Amino acid sequence: MTLFESTVRPVLFRLGGGDAESAHEATLNRLAGLGGLSKALLRARYSTTTPVELFGVKFPNPIGLAAGMDKNGVALPAWPALGFGFVEVGTVTAHAQPGNDKPRLFRLRDSEAIINRMGFNNAGASSLAARLKDLGPLDVPLGISLGKSKITPLKDAVEDYLTSYQLLHPYADYIAVNVSSPNTPGLRTLQDKDAIAGLLGALVGKTPVLVKIAPDLAETAIAEVLEVCLHYGAAGVIATNTTLARDGLAAADQSRAAEAGGLSGRPLTEKARKIVHFVHTETGGRLPIIGVGGVMTADDAARLFDAGASLVQLYSGFIYKGPALVRAAARSFAAARP
Ligand SMILES: Cc1cc2nc3c(=O)[nH]c(=O)nc-3n(C[C@H](O)[C@H](O)[C@H](O)COP(=O)(O)O)c2cc1C
């Protein structure tokens with residue numbers, strides 16, 4: 001067990017009264033409040049420089065923070081100090097919205113997993129734009145993840161994404177089109193060929209646009225998405241979002257299996273890797289891949305790179321293992337490419 005797991009994590013998990021979402025909010029607030037000295041000390045300990053250039057963007061290292069951790073960008077300056085080579089904020093929607101009823105975030109400790117049904121709780125695209133304007137440029141590339149507002153009917157989805165895109169693309173190094181969250185009714189149908197074509201036709205422009213896909217899609221459906229991505233000039237694919245499956249849970253977590261929502265962490269590792277491999281072989285490497293899902297160790301990251309990912313993101317692994325995982329993953333990448 002690392003120092004983080006034995007001493008820091010138990011404290012963080014109990015912050016804010018101990019339920020998972022309050023602890024998450026309290027930790028974000030602490031990160032947002034870090035002073036310059038704390039950030040400099042963290043940076044000295046955790047930052048790794050192993051530069052990668054992809055879709056015209058220079059990344060100081062290829063390990064990023066996945067979408068959903070810092071939806072409104074409240075702790076943005078802290079993430080590079082914790083070693084991340086890029087950050088994806090959001091998912092944000094054109095309309096501010098509260099998300100689903102609480103509780104909606106569950107830790108499955110023995111499985112190193114999380115179930116969430118947050119439902120895109122966020123302050124809205126214009127609020128994020130104002131925040132990013134105030135902050136000025138970050139130390140690392142910024143991805144901005146866009147989703148559909150719950151109140152917007154599916155038939156008007158393109159307009160809804162476009163509203164957010166127009167407000168936010170000036171601040172983004174890339175835009176992620178999230179059509180794969182299981183927690184907004186109907187959202188995943190936007191992965192259908194015609195729907196994704198409509199979205200990409202409207203959004204692809206100067207700012208690189210990547211499509212984030214679900215791990216539950218059949219290979220034929222993924223192949224269709226890839227075809228559309230290549231046709232419309234998408235900059236890449238982010239694979240994968242959380243899964244609706246419940247395989248791979250420890251006995252102690254079986255009682256949680258019935259919670260609705262997306263599962264992430266260790267049970268997703270192999271599935272995400274297989275999908276990254278499929279995308280890589282199907283496109284002959286023509287479409288850059290950000291690999292995400294169940295990266296809990298440096299070896300998991302190395303295997304995701306080997307499967308075809310050019311960049312890797314962490315969410316659940318960061319919750320369970322802390323910033324040492326970011327550093328270890330970035331170093332394993334460097335070691336494999338001397
Ligand atoms: C609490 C929580 C909230 C999330 N919110 C988002 C989101 O808003 N947008 C998104 O694209 N993915 C979201 N995700 C999915 C993650 O970005 C990532 O794709 C997924 O968790 C798999 O990675 P992991 O196994 O490292 O956690 C969320 C995940 C969690 C656990």
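If you go through the range 91-112 one residue at a time, do you hit one that is among the aliphatic types (A, V, I, L, M), in a helix (DSSP H, G or I) and either under 17 Å from Leu210 (Cβ atoms) or open to solvent by 30 Å² or more (accessible area, probe 1.4 Å) (or both)? Can you show your working first?
Step one: filter the range 91-112 for residues among the aliphatic types (A, V, I, L, M), giving 92, 94, 96, 105, 108.
Imposing the further condition that a residue be in a helix (DSSP H, G or I) reduces the set to none.
No.
Any idea which of Leu167, Leu187 is of a type in the set (A, V, I, L, M) and out of contact with any helix residue (DSSP H, G or I) (no Cβ under 6 Å at 6 or more places or on another chain)?
Working: Leu167 fails: out of contact with any helix residue (DSSP H, G or I) (no Cβ under 6 Å at 6 or more places or on another chain).
After applying the criteria, what remains is Leu187.
I need the full set of residues from the range 270-288 which are of a type outside the set (Phe, Trp, Tyr) and more than 13 Å from the ligand (Cβ to nearest atom), in order please. Before the answer, list the steps.
Of the range 270-288, the ones of a type outside the set (Phe, Trp, Tyr) are 270-277, 279-288.
Result: Lys274, His277, Val279, His280, Thr281, Glu282, Thr283, Gly284, Gly285, Arg286, Leu287, Pro288.
Answer yes if at least one residue in the range 150-160 is at positive phi and either at pLDDT below 95 or within 14 Å of the ligand (Cβ to nearest atom) (or both), and no otherwise. Walk me through how you get there before you give the answer.
We begin by selecting, within the range 150-160, every residue at positive phi; these are none.
Scanning the range 150-160 turns up no residue that is at positive phi and either at pLDDT below 95 or within 14 Å of the ligand (Cβ to nearest atom) (or both).
Picking from Thr242, Thr297, which residue would you name as being more than 11 Å from the ligand (Cβ to nearest atom) and polar (S, T, N, Q)?
Numbers: Thr242 fails: more than 11 Å from the ligand (Cβ to nearest atom).
Checking each option against the conditions leaves just Thr297.
What about Val326, is it near the ligand (Cβ under 9 Å from one of its atoms), under 23 Å from Pro141 (Cα atoms), touching a strand residue (DSSP E or B) at 6+ places or on another chain (Cβ under 8 Å) and open to solvent by less than 40 Å² (accessible area, probe 1.4 Å)? Quick ask: steps written out before the conclusion?
Working: near the ligand (Cβ under 9 Å from one of its atoms): no; under 23 Å from Pro141 (Cα atoms): yes; touching a strand residue (DSSP E or B) at 6+ places or on another chain (Cβ under 8 Å): yes; open to solvent by less than 40 Å² (accessible area, probe 1.4 Å): yes.
No.
How about the range 228-258: which of its residues are open to solvent by 50 Å² or more (accessible area, probe 1.4 Å), under 20 Å from Ile319 (Cα atoms) and of a type in the set (D, E, K, R)?
Within the range 228-258, Arg246, Arg256 qualify.
Just checking, how many residues over the range 245-266 are out of contact with any Leu (no Cβ under 6 Å at 6 or more places or on another chain), within 16 Å of the ligand (Cβ to nearest atom) and of a type outside the set (Asp, Glu)?
Step one: list which residues in the range 245-266 are out of contact with any Leu (no Cβ under 6 Å at 6 or more places or on another chain), which gives 245-252, 254-255, 258-266.
Narrowing further to those that are within 16 Å of the ligand (Cβ to nearest atom): 245-250, 259-266.
If we keep only those that are of a type outside the set (Asp, Glu) too, we end up with 245-246, 248-250, 260-266.
Residues flagged as out of contact with any Leu (no Cβ under 6 Å at 6 or more places or on another chain), within 16 Å of the ligand (Cβ to nearest atom) and of a type outside the set (Asp, Glu) within the range 245-266 amount to 12.
Identify, by number, the condition in (1) more than 11 Å from the ligand (Cβ to nearest atom); (2) out of contact with any Ser or Thr (no Cβ under 6 Å at 6 or more places or on another chain); (3) among the aliphatic types (A, V, I, L, M); (4) open to solvent by less than 40 Å² (accessible area, probe 1.4 Å) that Ala336 doesn't meet.
The number of the failed condition is (4).
Taking the range 200-221 on its own, how many of its residues are at pLDDT 95 or above, over 16 Å from the mean Cα position of the chain (by Cα) and among the aliphatic types (A, V, I, L, M)?
Selection size over the range 200-221: 4.
The values are calculated or read from the model by the stated rules, or taken from the named source; none is laboratory data. For clarity, every value in this text was computed on a predicted model and none was experimentally measured. Cβ: placed from backbone, ideal geometry, glycine included. Neighbour counts: every protein chain shown. Ligands, DNA and RNA are excluded from the accessible area calculation, which covers all protein heavy atoms including side chains. Shrake-Rupley method; radii C 1.70, N 1.55, O 1.52, S 1.80 Å.
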